[in-house]
1. Just one of the numbered conditions (1) at pLDDT below 85; (2) outside any loop (DSSP other than H, G, I, E, B); (3) surrounded by 12 or more Cβ atoms within 10 Å (Cβ to Cβ) is not true of Arg65; which one?
2. So, Glu109, is that one in contact with a helix residue (DSSP H, G or I) (Cβ under 7 Å, 6 or more places away or on another chain) and open to solvent by 80 Å² or more (accessible area, probe 1.4 Å) or not?
3. Just a yes or no: is a residue in the range 83-96 within 30 Å of Arg155 (Cβ to Cβ) and not in a loop (DSSP other than H, G, I, E, B)?
4. Any idea which residue in the range 68-106 is least open to solvent (accessible area, probe 1.4 Å), counting only those that are among the β-branched types (Val, Ile, Thr) and either free of Cβ contacts under 8 Å to residues at least 12 places away in the same chain or within 13 Å of Thr167 (Cα to Cα) (or both)?
5. Every residue in the range 25-54 that is charged (D, E, K, R) and at pLDDT 95 or above, please.
6. Can you say whether Arg50 is in contact (Cβ under 8 Å) with a residue 12 or more places away in the chain, more than 30 Å from Trp136 (Cα to Cα) and part of a loop (DSSP other than H, G, I, E, B), as far as the supplied structure shows?
7. Would the range 129-150 turn up any residue that is open to solvent by less than 80 Å² (accessible area, probe 1.4 Å), under 16 Å from Arg65 (Cα atoms), modelled with pLDDT under 95 and among the charged types (D, E, K, R)?
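The values are calculated or read from the model by the stated rules, or taken from the named source; none is laboratory data. Since the structure is predicted, the reported quantities are computational estimates derived from the model, not experimental observations. Here Cβ is always computed from backbone atoms with ideal geometry, including for glycine, and neighbour counts include all displayed protein chains. Protein only, heavy atoms only, side chains kept; ligands, DNA and RNA dropped before computing areas. Shrake-Rupley method; radii C 1.70, N 1.55, O 1.52, S 1.80 Å.
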Amino acid sequence: MINTMSVTHRTGNTNFRASAHEQKDEGVMPGLDGYTRRGMRLNVDHRIGRSFDFSASAYYSQSTRDGDGEGFFSLQFYPIDVDLTELEPTDQRRDSVDYLIQPDPWVMEENPLYQSQNEDQTNVRGRMLGSVGVRWRPTDFFDLESQLSFDRSDRNNTWYWFKGYKTLGVSTLNDGRFQQENEHNQALNASISA
């Protein structure tokens, strides 16, 4: 589902536009919330007299994705007649969605439903863009233009595996783990042209 809203207005020497959007895509596998993105944009253009133009633009968006799609990789190895929803025996069951980790002993990949229900992974990404521009035209044959722009990207990833998480081989994930990664990139650019 995508929702958008925008407002545009022009008065005298000023143009203005503001917009916002939200996109939600539900997860296709049980246990996954899917993908959500929200964003806002603002643009302003203004003319000062006959020789100056000013423009500014700002944009921000944030997206959240549950899971990494790894389950789709293992899904391709399972024959169509394998019941991926088969649960652990009652006396060994952790909860109502404790699927067998290996419902087919001939397939050497973990059950994708077990992963999606028992591994908690969230990826959050933020993006901010901004720019300001000024143009001066003292005569018909000469102009001077200056631009300043900013760009920043943030990524925050979080994983959680409970103690007793099952894997096909020996893994430190069996002891449980919480892991978090954060990174950002940013750039500031400026230009002057005549």
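1. Of the numbered conditions (1) at pLDDT below 85; (2) outside any loop (DSSP other than H, G, I, E, B); (3) surrounded by 12 or more Cβ atoms within 10 Å (Cβ to Cβ), the odd one out for Arg65 is (1).
2. So Glu109 does not fit the description; no.
3. no
4. First pass over the range 68-106, keeping only residues among the β-branched types (Val, Ile, Thr): 80, 82, 85, 90, 97, 101.
Checking the rest, the ones that are also either free of Cβ contacts under 8 Å to residues at least 12 places away in the same chain or within 13 Å of Thr167 (Cα to Cα) (or both) come to 80, 90, 101.
Working: Ile80: 173, Thr90: 108, Ile101: 24 Å².
Among residues in the range 68-106 that are among the β-branched types (Val, Ile, Thr) and either free of Cβ contacts under 8 Å to residues at least 12 places away in the same chain or within 13 Å of Thr167 (Cα to Cα) (or both), the one least open to solvent (accessible area, probe 1.4 Å) is Ile101.
5. Pass one, the range 25-54, residues charged (D, E, K, R): 25-26, 33, 37-38, 41, 45, 47, 50, 53.
Across the range 25-54, the qualifying residues are Arg37, Arg38, Arg41, Asp45.
6. On the way: in contact (Cβ under 8 Å) with a residue 12 or more places away in the chain: yes; more than 30 Å from Trp136 (Cα to Cα): no; part of a loop (DSSP other than H, G, I, E, B): yes.
When the stated conditions are applied, Arg50 does not pass them.
7. Step one: of the range 129-150, the residues open to solvent by less than 80 Å² (accessible area, probe 1.4 Å) are 129-134, 137-139, 143-147, 149-150.
So of that shortlist, the ones also under 16 Å from Arg65 (Cα atoms) come out as none.
No, the range 129-150 contains no residue that is open to solvent by less than 80 Å² (accessible area, probe 1.4 Å), under 16 Å from Arg65 (Cα atoms), modelled with pLDDT under 95 and among the charged types (D, E, K, R).
Here is a yes/no grid of residues against (1) farther than 30 Å from Gln115 by Cβ; (2) of a type outside the set (Phe, Trp, Tyr):
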site: Ala18; (1), (2): yes, yes
site: Asp25; (1), (2): no, yes
site: Arg37; (1), (2): no, yes
site: Asp45; (1), (2): yes, yes
site: Ser51; (1), (2): yes, yes
site: Ala56; (1), (2): yes, yes
site: Arg65; (1), (2): no, yes
site: Phe73; (1), (2): no, no
